[in-house]
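Let me begin by presenting the structure, written as structure tokens, before commenting on it.
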Amino acid sequence: MGWNVHLPKAEWYRPEDLTANGCALLTPLLNELKATRDVSIDTETTGLNIVKDIPLFWSMAWGERRMCMPAATMNLFREIFADEDKRWIFANAKYDMHILNNVGFTLEGSCCDSAVMHALLYEEQPHGLKDMAREVLGWKWTDFKNTFGLSEKKEGAVAEALFRAEKENLQLLIEYAANDAYGTLKIYEKLKKELEDTNTYSLYPSEFATMGDIFFKTEMPYTKVLWGMERKGITIDRQYLKDIEGPCQARIKEVERDIVRLAGRPINPNSPLQLRDIFFNELKCRPLKYTKGGKSGTKAPSVDYDFLHYYRNEIPLAAALLEHRDLTKLDGTYIQGLQNRVDSANRIHSRFNQDVARTGRLSSSDPNLQNVPTTENDKFKVRGAFIPQDGCDLIVVDYAALEMRLLAAAAMDPLMIQIFLDGKDIHMGNAEMVFGRKVGMDYEEIKAAKKIDGKVKQGELPPEAMTDRVHMALQFRQRIKTIAFGLNYGMRENKLARDLGITKDEALALMEEYMATYPAVSQFYESAIKETEQTGYSFTIIGRRRYHPEILSNRDMERFGAQRQAVNNQIQGGAADVVRFAQLGIDAACLEERFGCRMLLQVHDELVFECPKETVEEAKPVIRQLMEHPFFTDLAVPLDVSLASGPSWMNAK
DNA sequence: CGGCCTCGCGCG
DNA sequence: AAAGCGCGCGAGGCCG
């Protein structure tokens, strides 16, 4: 094993050990636990599935005690689990909380995830327990696989390995498991101090003076909120998926036949290698760009969406491949993928990861529900398969232009803020300010143009309604939208020119017009970079830090990359702050107790709830209020959400 | 064969 | 010379 630190004795208790002689061992243990706030727990389980797997052994540590026990002892600790003042320490808290809940245990206290603490301080490092132990504590620690010789990956292999270890090498198992909890506790103690010693700058300095405040006041409670969402899951209409599966697969078959016919020979449409051969050797196409090239560093002409799209009219094979990619992705990832993941109650339980995105956003996995195709882009409408449970509607709530609002607030640009105060659409407002004023086109005319466009598309107005003036208004809006988003991401004139189909000089001129209209925004981009150069980090509204060590790099690519991240982090991260606070507020408002309304999904600027039909209209204004006023005091820019409800994620109006 | 990488692409 | 942020996933390809 190679332990290179002094460790307290690893204790081992079976249920009968604890209860013998009138609980002679258990009673003092419980008394000691009752007097302790910070206790760490880890579980050794049958596997990694948060719905199905159960604990076989578990370990606890507090102070200088560390112990391992069979799962059967858990019952003896119920009163401790029910203690609301406990702070339970985990590495990957939500996972262990699921495993405990799978056998009927719920923890009432706070749930503190050392991996989330670690992510706040060391975003660039991995946050696995063994990784953290190595980096934070200097422990050399063999992982589960190498400790217990887990060779095969089949169902039940983990359980088998654990039971074999219990029989053949109990001391090893005890040491290993006890250290999972003990190491977690030691990592927590060290990171807690580091977080509390790290000052930060926040819009709410009395609430958030250090990173410790950020962790203990927002991240730690958030873990439990997210756990609740994962636990509930969301209902999937399996019949709906079955119903779209046939037509989708039939169409894939058809397109595959077309591809073979158009290529003149059987090919694998998913193989970039084979596609390159056809497009560049046989058809002599001009490469638009080259792939990055991996370990070998060999760059190859790209056959991505942009390439195929460019040739879609000239070469029918390109168009067929585009459709094939669309459909196979849809079928594999969603139509099949979601069906494979429903539990016995027809619900899927996505994981909301708190320690992945560098900006403070969540990520979603197993399955990822944050990239389900939107209805406009999906002819089979997978979102229609996400439904509420019986008697309920889904409530879908979206922030309108959240990132642009945070840009306006961060920059304190009076003109842009005024657009929001007037309740206007930001892209129309920008279009008026930057382009419209020069040609005597005001906000109302742009708004009317958008409406006309919609009606023509619906067939409610004849195509002649699309006058040159209407086209101009629409183009103004689209262009300013591309510019505004692009600048938040640090886009340069080259890319803008390509996106808008104009010259580099024209693109540069457009960007300059935008900046001239909103000088404070321009100033914000500049000072964001300057400040990061001085301090080495950027921060969000509540003071969540992100380090940008490459901001002073001599290599242009690295330095420019860090500049883009420093700018974007404040906007994307600020938006993440807003949504996180909204979710905490919603959780604290007990919507489930009041309305039976349950928060199920978060998709960055959107929340999805499930609510009994009869209380939907009562819950809506409460949700709106909480989401539009997430902080102690309001920002300089009003927040605005759109609320919809209905029988599915697709049909919410 | 598993493990790991790249590519390509879905979402905000 | 290079230049759009943040994610996760399925499939193919490559390596040991």
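The values are calculated or read from the model by the stated rules, or taken from the named source; none is laboratory data. Note that the structure is predicted; figures quoted are calculated from it, not measured. Every residue, glycine among them, receives a Cβ derived from its backbone with ideal geometry; neighbour counts consider all protein chains shown.
Worth pointing out:
- A:E16 falls short on exactly one of the conditions (1) surrounded by 20 or more Cβ atoms within 10 Å (Cβ to Cβ); (2) assigned to a helix (DSSP H, G or I); (3) over 33 Å from the mean Cα position of the chain (by Cα), and that condition is (1).
- Applying the criterion of at least 3 residues that are at pLDDT below 95, touching a helix residue (DSSP H, G or I) at 6+ places or on another chain (Cβ under 9 Å) and within 16 Å of DNA strand B (Cβ to nearest atom) to the helices (runs of 4 or more DSSP H) found wholly in the stretch A:443-543 leaves A:468-488, A:493-500.
- Restricting attention to the stretch A:26-58, the residues that are within 30 Å of the chain's Cα centre (by Cα), of a type outside the set (A, V, I, L, M) and within 16 Å of A:V103 (Cα to Cα) total 11.
- Tally of residues being away from DNA strand B (no atom under 13 Å from the Cβ) and of a type in the set (F, W, Y) across the stretch A:346-385: 1
- Test: A:I236 is touching a residue at least 24 places away in the same chain (Cβ under 8 Å) and under 29 Å from A:S344 (Cα atoms): yes
- Among the residues here, A:V260 does not qualify as in a helix (DSSP H, G or I), within 16 Å of DNA strand C (Cβ to nearest atom), among the aliphatic types (A, V, I, L, M) and in contact with a helix residue (DSSP H, G or I) (Cβ under 9 Å, 6 or more places away or on another chain).
- Of all residues in the stretch A:99-127 being of a type in the set (S, T, N, Q), in contact (Cβ under 8 Å) with a residue 40 or more places away in the chain and surrounded by fewer than 23 Cβ atoms within 10 Å (Cβ to Cβ), the one that is nearest to A:D197 (Cα to Cα): A:S110
- Residue within the stretch A:337-352 that is in contact with a strand residue (DSSP E or B) (Cβ under 6 Å, 6 or more places away or on another chain), of a type in the set (S, T, N, Q), within 26 Å of A:Y547 (Cα to Cα) and crowded, with 16+ Cβ neighbours inside 10 Å present: no
- Just one of the numbered conditions (1) closer than 27 Å to A:G573 by Cα; (2) aromatic (F, W, Y); (3) crowded, with 21+ Cβ neighbours inside 10 Å is not true of A:Y489: (3).
- The residue list A:L394, A:L406 contains one member that is within 23 Å of A:I244 (Cα to Cα), buried (at least 19 other Cβ atoms within 10 Å of the Cβ), within 16 Å of DNA strand B (Cβ to nearest atom) and within 21 Å of the chain's Cα centre (by Cα), which is A:L394.
- For the stretch A:409-424, the set of residues classified as out of contact with any Pro (no Cβ under 7 Å at 6 or more places or on another chain), in contact (Cβ under 8 Å) with a residue 24 or more places away in the chain and buried (at least 17 other Cβ atoms within 10 Å of the Cβ) consists of A:A409, A:A410, A:A411, A:D413, A:M416, A:I417, listed by residue number.
- Check on A:E592, of a type outside the set (G, A, S) and under 29 Å from A:E230 (Cβ atoms): yes
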